[in-house]
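For reference, the structure discussed in these notes is given below.
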Amino acid sequence: MHKTYLIILTALCLLLVGAATAAAFGEIRYPDRPLNLRADRSAQARWVGSLHPGQKVRVAFMKDGWVAVFEPGETRADESAAVGYSNVRYLLPKPTRVEPETWGELVYTPRKLNIRDASSINGKLVGSLEAMERVKVDFPEGDWVMVFRESATIRSQMNALGYCAATYFEPVTAGASGTQAAQPAEDPGASGGAEVRGAAVTPPAVQAPPVPQPAAAAQSPAPESVAITDASGDWGKVVTLQREVSLWRDRTSGSTQVRTLKAGERVRVDFLKGGWYAVFEEGEVLRSENRALGYALRALVDGEGGDADAPQASPAPASPEPASSAQTRPEPARPESARPEPARPEPARPEPVQPEKTAAASGGERQTLVMDRSRFSGAKRPDPTPDKNAHGYQYRLLEKSETKKYGVTWITLKVFLSTTKLPDSNQLKDFSTTLWNEHRRAMRNLVVHIYLPGMDTDDISYGVVSFDDKAMLELWVRQVALFGTKFL
Amino acid sequence: MKMPKTCLFILCLVLALAATASAQASKVGFVNPQRIINESRIGRIAQDDLARLGREKDRRVRESLMRVEAIKAELEKGTLSVSEEQARERALRLAAREYEMLVEESNADIQSEERQLIQFVMRRADSILRRIAEEAGFTMILTDPEIIGYVAHSMDITDRVIKELDAMI
């Protein structure tokens, strides 16, 4: 009898050990900077996605200094499950800097939907989505989008399930709870979609951002939501911290740490943006971001034990992705409320920009500077070889990607311009306009980053020219990026 | 009696040697990043770049504000029909919203650019810093002026870093 138990116990132990070994292939790493993912083990390979600083990933199969990157929860120790390749020197065993970035949009489809391997009806069928199934979408291509699992954390084209037509998706909003979206309604065609849309146009208790007030605009460059709350102080949410939480001066762990809150302390949080909360004293009555004690990572604040005493001011569904786009997009549906007062901006000196007063120049402010020591460890790479001509310039398109910023889809072009003479603004404008004409798409903005010979194409660019789908928006150059080249 | 005295002497000797050794091993230097940004040529170029971006953003914000004011002026004339007036009011709300978002986004962009530029300059300074540290035998270089109570002039290598940075342009 004892022997039988012993054998069963041993078998169970072996199974557990086996399972643990299977789940734990490779190792967990964290990028120390925004990091590109490539389709192969080479910096010249096709760009497939990117990681944000501090993002948790699993890496394995190292070869020539390059590793295959996997979702952190990936259990298939197979290179075909990799979501891209990256240089291992930028992936550290411990996070040194955390700057979470939201990507994609959380959506569901009210009907069963085919997934194809290309952005066309002629693409091969590679799978299907069930009605009301939640997925994440990104990398729009015309009327098609790449579809990802809801749980996907890495923004990479290699992480996608395939392509679906974008028209069949509905956004998952704060109003649509997990069960609402996941469970098919009795009449999914009508009620499911209609409920969600209804919730989207009436966000819960979001205060309309103020129209810039003349005096405020003159004093502070950033117009922020300032509103005296009602007697109950009903804004944001009050949480009891379950652990020690660091507060930072800005929404990045690269900024200065201003304070550490202890476990058990009660604070009020609001202004969720990019995965960071603004943190206030519990009794704070003014909803103004500049009265915040600092910023804290949402994951640390919400944790397991965040008790919400007040309703959330920012519509934050289970996943932060859809909220960002929904919040930042202009909402023409809102004007019924109070008539905005654009009538007042006359004396408003909008001065959003006071670079002279910024921390760099002020001299008095304490800053934490993250020095990226690995930048100088390797020899300088040779310039890319140009392979195209436009506007009298030989150039090479290094990278083309699409991303969302402030609710707008941006096409980003990284271009190496082979020239011996520093191009002036007009030449940059003409050249970029030619590229814009070639790559522009309806309802999308486009930005061209221009690199010149001798520059590090993984670092900041020289020229930055941005367009919307109708005209050029901005053009400016960074002289400092020419440091180390023959142009400076 | 003689034995304890000898032991005590040896102990003192060992302690003295250890103290000397540890003093030699902990040569600490200091560099002030703020001065590098403010006083080096590359730092000043970065500040000019940031100011240029500021002006570009300011231009867009002013244009947006002018659009708001133009619509408002049309409305104030009072010569529009009811339907035209409603259309203008909608346009005014939209323009005001765009203006407001542009101001917010511009500030966020400038802050983000400022961080990028500072890091760009400091990465260049860092390569020099490391070389100087190795040459001069520093085991540690502090970069945060807030935590320094006093630093001897000989240990402050900021001027040397600035000079070498300037020489690279």
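Structure above, values below:
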quantity: Test result for B:M140, under 30 Å from A:R97 (Cα atoms), of a type in the set (A, V, I, L, M, F, W, C) and open to solvent by 50 Å² or more (accessible area, probe 1.4 Å); calculated: yes
quantity: Answer from A:P93, A:P100 - the residue that is modelled with pLDDT of 90 or more and not hydrophobic (A, V, I, L, M, F, W, C); calculated: A:P93
quantity: Any hit, region A:35-55, residues being closer than 30 Å to A:T256 by Cα, modelled with pLDDT of 90 or more and open to solvent by 30 Å² or more (accessible area, probe 1.4 Å); calculated: no
quantity: Any chance B:R55 is over 22 Å from A:S466 (Cα atoms) and basic (K, R); calculated: no
quantity: First in region B:61-84 and under 22 Å from B:M101 (Cβ atoms), second anywhere and of a type in the set (S, T, Y), Cβ under 8 Å, 6 or more apart; calculated: B:V61/B:Y99; B:V61/B:S106; B:S64/B:Y99; B:L65/B:Y99; B:R67/B:Y99; B:V68/B:Y99
quantity: Members of region B:110-133 found to be more than 7 Å from chain A (Cβ to nearest Cβ), open to solvent by less than 30 Å² (accessible area, probe 1.4 Å) and charged (D, E, K, R), listed by number; calculated: B:E113
quantity: Pick from region A:245-270, criterion more than 14 Å from chain B (Cβ to nearest Cβ), within 19 Å of A:E99 (Cα to Cα) and out of contact with any Phe, Trp or Tyr (no Cβ under 8 Å at 6 or more places or on another chain), ranking: least open to solvent (accessible area, probe 1.4 Å); calculated: A:V245
quantity: Selection within region B:68-88 - under 30 Å from A:S466 (Cβ atoms) and at the interface with another protein chain (Cβ under 10 Å from one of its Cβ atoms); calculated: B:V68, B:E69, B:I71, B:K72
quantity: Entirely in region A:30-109, the strands (runs of 3 or more DSSP E) that have 1 or more residues that are farther than 30 Å from A:W276 by Cβ and not assigned by TED's automatic domain parsing to the domain that holds A:T153; calculated: A:57-63, A:66-70
quantity: Selection count where residues are open to solvent by 50 Å² or more (accessible area, probe 1.4 Å) and at the interface with chain A (Cβ under 7 Å from one of its Cβ atoms), scope region B:56-67; calculated: 2
quantity: Condition check for B:I169: within 12 Å of chain A (Cβ to nearest Cβ), in contact (Cβ under 8 Å) with a residue 60 or more places away in the chain and surrounded by fewer than 21 Cβ atoms within 10 Å (Cβ to Cβ); calculated: yes
quantity: Tally of residues being touching a residue at least 12 places away in the same chain (Cβ under 8 Å), in a helix (DSSP H, G or I) and within 12 Å of chain A (Cβ to nearest Cβ) across region B:134-165; calculated: 2
quantity: Which listed residue is within 14 Å of chain B (Cβ to nearest Cβ), touching a residue at least 24 places away in the same chain (Cβ under 8 Å) and either open to solvent by 20 Å² or more (accessible area, probe 1.4 Å) or within 21 Å of the chain's Cα centre (by Cα) (or both), from A:D468, A:D430, A:D383, A:D456; calculated: A:D456
quantity: Residue within region A:476-488 that is out of contact with any strand residue (DSSP E or B) (no Cβ under 8 Å at 6 or more places or on another chain), away from chain B (no Cβ under 14 Å) and part of a loop (DSSP other than H, G, I, E, B) present; calculated: no
quantity: Count of region A:130-152 residues which are aliphatic (A, V, I, L, M) and within 24 Å of A:M443 (Cβ to Cβ); calculated: 5
quantity: Of all residues making up region B:91-109, the number that are more than 7 Å from chain A (Cβ to nearest Cβ), touching a residue at least 12 places away in the same chain (Cβ under 8 Å) and under 22 Å from the mean Cα position of the chain (by Cα); calculated: 1
quantity: Residue in region A:417-427 that is nearest to A:R396 (Cα to Cα), counting only those that are in contact (Cβ under 8 Å) with a residue 24 or more places away in the chain and part of a helix (DSSP H, G or I); calculated: A:Q427
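The values are calculated or read from the model by the stated rules, or taken from the named source; none is laboratory data. It should be emphasised that the depicted structure is a prediction, and the values quoted were computed from it without experimental measurement. Quick reminder, even Gly has a Cβ in these numbers, built from the backbone with ideal geometry, and neighbours come from all protein chains shown. Accessible surface is based on the protein model in full, side chains and every heavy atom, while ligands, DNA and RNA are left aside. Shrake-Rupley method; radii C 1.70, N 1.55, O 1.52, S 1.80 Å.
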